[in-house]
Each structure stands twice: as C-alpha cells, then as structure tokens.
Amino acid sequence: MLVSIRKHHGEDILKIICRNQILIGWSAAAFVFGPTLKLVNRYSPELNTVGLISKEALSLTSVEVLPHYTRYLSKFDRFEERCKEYEEEYSKQVIRLNDGDAVFINGDEKKIIRTS
C-alpha cells in the first residue's frame with residue numbers, strides 16, 4: 001500500500017485531505033498513515049514483500065495503532081509482550097484496536113471508539 005501511494009504520487013493529496021477533510025483508513029492504512037512501519041515489521045517482517053528499506057510511513061498522524069488486536073493475540077508468540085517492548089524501546093503509546101474499533105483524531109485529541 002505504501003509503495004503504491006508513493007509510486008502514484010498520492011502522498012501530497014493525502015496530506016491535503018488530512019489537513020482539510022476527514023481521512024479514513026483501516027487495517028494496513030492504519031499503519032501507513034502513521035509515522036512508521038516498525039511495529040508491523042516487529043511481528044511480520046515477511047509482509048515486506050516489496051523490500052522496503054526505510055520503515056518511515058506517511059506521518060499523516062503521530063498515532064500508532066495495532067489493528068486486529070484480539071485476532072492476532074493467538075497468532076503471534078508473545079504478542080502483547082512484544083508490543084509493550086516496542087512501546088518502551090521507542091517511548092511510544094500504541095493504541096490497540098479490535099476489529100470494528102476506531103480512533104477519531106482531531107489535532108491532539110484522540111477518541112477511541114469501541115464496538116465490543
């Protein structure tokens with residue numbers, strides 16, 4: 001997704017939309033709209049099928065989310081522990097989202113909307 005956005009020169013228009021409109025992203029977009037891909041790389045480096053060297057994302061928001069949280073708890077070994085290690089290592093707070101959950105961001109305000 002990130003490679004496609006950059007290849008098609010979509011980064012600038014997404015930044016304009018983000019400043020002036022509502023920008024909605026889910027699943028993979030939750031990562032690429034954020035500042036970095038380091039978290040997903042920690043769990044699944046094999047998802048980097050295009051050989052990205054830089055782990056920088058679009059930085060449309062400073063929020064880092066972990067989508068599909070409950071779905072992946074049993075899929076990855078030490079899932080929560082690895083997320084906590086990431087938070088400590090990078091001094092970040094990761095918002096864990098279950099399927100159907102959302103984060104509404106307006107400036108510095110963040111509101112988590114839980115469906116379950």
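The values are calculated or read from the model by the stated rules, or taken from the named source; none is laboratory data. Just so it is clear, the model here is predicted, and its values are computed rather than measured. We place every Cβ from the backbone using ideal geometry, glycine too, and count neighbours over all the protein chains shown.
What to note about this one:
- Hey, V94 in contact with a strand residue (DSSP E or B) (Cβ under 6 Å, 6 or more places away or on another chain) and at pLDDT below 85 or not: no
- Residues of the stretch 23-43 that are at pLDDT below 75 and outside any helix (DSSP H, G or I): L23, I24, G25, W26, S27.
- Of the criteria (1) assigned to a strand (DSSP E or B); (2) touching a Lys or Arg at 6+ places or on another chain (Cβ under 9 Å); (3) farther than 25 Å from V3 by Cβ, which one K110 fails: (2)
- Of everything in the stretch 69-99 that is free of Cβ contacts under 8 Å to residues at least 24 places away in the same chain and of a type in the set (S, T, N, Q), the residue that is surrounded by the most Cβ atoms within 10 Å (Cβ to Cβ) is S74.
- Number of residues in the stretch 103-116 that are at pLDDT below 85 and more than 17 Å from S62 (Cβ to Cβ) equals 3.
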